[in-house]
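A short worksheet on the structure shown next.
Read-outs throughout are calculated quantities, based only on the coordinates presented, and are distinct from any laboratory measurement. Because the structure is predicted, anything quoted here is derived from the model rather than measured. Every residue, glycine among them, receives a Cβ derived from its backbone with ideal geometry; neighbour counts consider all protein chains shown.
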Amino acid sequence: MRILIDADACPVKDETYKVAARHKVPVVVVSNSPIRVPQSTLISRKVVSDAFDAADDWIVETLEASHGAGHVIITADILLADRCLKLGASVVAPNGKPFTASSIGGAIATRAIMADLRAGGDIVGGPPPFSKQDKSRFLSSLDEVLVRLLRTGKA
C-alpha cells in the first residue's frame with residue numbers, strides 16, 4: 001500500500017504525512033516541479049516532466065504496474081480520480097470527500113456542465129475556499145480509508 005499525492009496544487013500534503021506516519025504507510029509526492037518534503041523513510045517524491053497530465057499519467061502507470069488495489073490517491077482532479085477508481089485504488093479529494101464508483105459519474109457530469117458554461121461565456125465561480133472543516137474532513141476520511149484497507153488486508 002502507498003499513498004500517491006497529485007501534489008502540484010494539493011493543500012493537504014502535511015496532513016497526509018501525519019496520517020501516513022501514524023499508520024506507517026509510504027507516501028509518494030508526484031509533481032511537475034520539485035516540492036520540499038519532510039525527511040522520512042516513508043516519504044519520497046517523484047518529479048515528472050511538465051508535459052500536460054504527466055503527473056496523472058505517472059500515477060496511473062504506477063497503479064497499473066501494481067494492480068491498483070490497496071493504494072490511496074489524493075487528488076482534486078476528477079478525471080484522474082475516475083482513472084484511478086477504474087484501477088481499484090481508493091481516492092480522496094483534499095476537501096475530504098471520497099471519490100467512489102457511485103459518485104464519480106455525477107462529478108464528471110458536473111465538471112462537463114461547468115466547462116460548457118465557461119466556454120459559453122457564463123461567469124461561474126470556482127470552488128469555495130479551502131476551510132478548516134475541509135482539513136478536518138480530509139484527516140478523518142484519509143484515516144478511515146487507511147484503517148479499512150489495513151483491516152481488510154488490501155494493504
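Okay, here's what the table says:
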| read-out | value |
| --- | --- |
| Checklist (1) surrounded by fewer than 15 Cβ atoms within 10 Å (Cβ to Cβ); (2) within 22 Å of Met1 (Cβ to Cβ); (3) aromatic (Phe, Trp, Tyr) applied to Phe52, failing item | (2) |
| Hey, Arg2 without any contact (Cβ under 8 Å) to a residue 60 or more places away in the chain and either farther than 19 Å from Cys84 by Cβ or under 14 Å from the mean Cα position of the chain (by Cα) (or both) or not | no |
| Number of the exception - Thr16 against (1) in contact with a strand residue (DSSP E or B) (Cβ under 9 Å, 6 or more places away or on another chain); (2) farther than 24 Å from Asp134 by Cβ; (3) crowded, with 20+ Cβ neighbours inside 10 Å | (2) |
| Members of region 73-88 found to be free of Cβ contacts under 8 Å to residues at least 60 places away in the same chain and hydrophobic (A, V, I, L, M, F, W, C), listed by number | Ile78, Leu79, Ala81, Cys84, Leu85, Leu87 |
| Residue in region 53-72 that is hydrophobic (A, V, I, L, M, F, W, C), in contact (Cβ under 8 Å) with a residue 60 or more places away in the chain and assigned to a strand (DSSP E or B) present | yes |
